[in-house]
1. Using a ≥ b ≥ c from the Cα gyration tensor of region 94-208 (square roots of the eigenvalues), is it rounded, prolate or oblate, where a/c under 1.5 gives rounded and otherwise the larger of a/b and b/c decides, a/b for prolate?
2. Once phi is turned into θ = phi - 60°, what whole-Hz ³J(HN,Hα) does the Karplus curve with 6.51, -1.76 and 1.60 give for every residue of region 74-81, x standing for Gly and Pro?
3. Scan region 100-202 for chymotrypsin sites (Phe, Trp or Tyr not before Pro) in coil per DSSP, keeping those whose Cβ has at most 12 other Cβ atoms within 10 Å, and list them by number.
4. Leaving out ligands, DNA and RNA, and with a 1.4 Å probe, what % of the accessible surface on region 265-319 is carbon or sulfur?
5. Could you give me the ³J(HN,Hα) list for region 128-133, computed from phi with Karplus coefficients 6.51, -1.76, 1.60 and θ = phi - 60°, whole Hz, x at Gly and Pro?
6. With the Cα gyration tensor of region 162-307 giving a ≥ b ≥ c as the square roots of its eigenvalues, does the rule (a/c under 1.5 for rounded; else a/b larger than b/c for prolate; else oblate) give rounded, prolate or oblate?
7. Check Gly99: other-chain or 5+ apart residues with amide H under 5 Å from its amide H, H built from backbone geometry?
8. In terms of the Cα gyration tensor, with a ≥ b ≥ c the square roots of its eigenvalues, is region 141-193 rounded because a/c is under 1.5, prolate because a/b exceeds b/c, or oblate?
Amino acid sequence: MTDPGAALKNPKSRKPAKAPKAPKSLKSRLEYGSSPGVGTRFRTYRLTVPPVSGVFRPRLVALCALLAAAAFLLFCWGLTMGDYPIGFSEVVRALTGSGDPGTVLVVQELRLPRALVGLLAGIAFGVSGALFQTMTRNPLASPDMIGLTQGAGAAVVAGIVLGWDGGLGTQGLGLLGALATALTVYLLAWRRGTTGYRIILVGIGVAWICTSATDYLVAKGGRFQAQAALGWLVGNLNGRTWDQVGPLAIAVAVLLPTALLLGRLLRTLQLGDDVATGLGTRVQPVRLAILLTGVGLIAFATASAGPVAFVALAAPQIAQRLAGSAWPPTVAAGLTGALVVLGGDLIARTLVSGMELPVGIVTGVLGAPVLLWLLVRANRAGSGG
């Protein structure tokens, strides 16, 4: 038998204790896991230089790539349609400035503005809807429902019927109308701060006021003014020019990165105001910044393409279910919105032979069942009132 006290008498004979092995998840900077509740695979990462950490979701990235490819195909397909048929490959070459000069002229000068307005307006509608739905934690809180689209529409119709716009054009009038409506909703919903529930209730009331004002202006206007206003109010891509493309492209280029930068703060609001405040989020300034970003996107999109119905409501919900995420993903929602508008425009141009319907009619028909489904789902969950 060995002497138990020998190790104490001779320290050199003692073997050093083995250090416990570190878990593999602590050794590697790239960790794997699954998103709680929805089973989505993700990877977490952390970089030393620059000090950045986050979550990489392969499914969401793959979805965005597929949506972008589908939107590009519909974008080019729309350019092939018209009185002068053009092949798909010829359209792609014409977009790069090569090919037959006549084809390049038709594609770039006559058809490209319409397609770009549809693409950019769809992105703006989808991103704006995702911002509002995430901020309020309610799938029904889209710009269509809380009066922003109606406010922009009322301002533009006022300019058309009354014959004054102060040199602002439809873009400026739409922006002012949406901003004024958003400010009104925000102030009326304020009670020691704002909540998503109060914003929705107040927004519905303001939306009906703006709709009534628009109907009065259309009834008061002359025949041709009323026709012009009604054609725009449905949501229409017919006759779009580069004058509508420029301001909308600038707005998307500025406001889309802003929406992405607000993404992390936006997700903390989903945890509730108290938890978000505890995490260091300044709830009311962040909510106001999100509101202004969404208003800018919806205002420029509405001024360019008209109030295309239900895109801002349906696109974020479709993207959320395709991505399997707990909230509407911003980029995927924008690409889904572009896909809906471009696809709706193709259907509108081919549904009735020899006649091009406004795209808003198609999105309205397709979006109404989505709204009914969301209402039924909310009531079943006990949150529909």
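1. Details: a/c = 3.96, a/b = 1.85, b/c = 2.14.
Verdict is oblate for region 94-208.
2. 5, 4, 6, 4, x, 6, 7, 8
3. On the way: sites: Phe125, Phe132, Trp164, Tyr186, Trp190, Tyr197; in loops: Trp164, Trp190.
Of the chymotrypsin sites (Phe, Trp or Tyr not before Pro), the ones in loops of region 100-202 whose Cβ has at most 12 other Cβ atoms within 10 Å are Trp164.
4. Working: 1120 of 1720 Å².
Heavy-atom surface of region 265-319 belonging to carbon and sulfur, 1.4 Å probe: 65 percent.
5. Rounded to whole hertz, the list is 4, x, 5, 4, 5, 5.
6. On the way: a/c = 3.03, a/b = 1.67, b/c = 1.82.
Here region 162-307 falls in the oblate category.
7. none
8. On the way: a/c = 3.07, a/b = 2.17, b/c = 1.41.
Because a/c hits 1.5 or more and a/b exceeds b/c, region 141-193 counts as prolate.
The values are calculated or read from the model by the stated rules, or taken from the named source; none is laboratory data. None of the values given here were measured: they were computed from a predicted structure. As a convention, Cβ positions derive from the backbone with ideal geometry for all residues, glycine included, and neighbour counts pool all protein chains shown. Ligands, DNA and RNA are stripped out before the accessible areas are found, and what is left, the full protein with its side chains, is counted by its heavy atoms. Shrake-Rupley method; radii C 1.70, N 1.55, O 1.52, S 1.80 Å.
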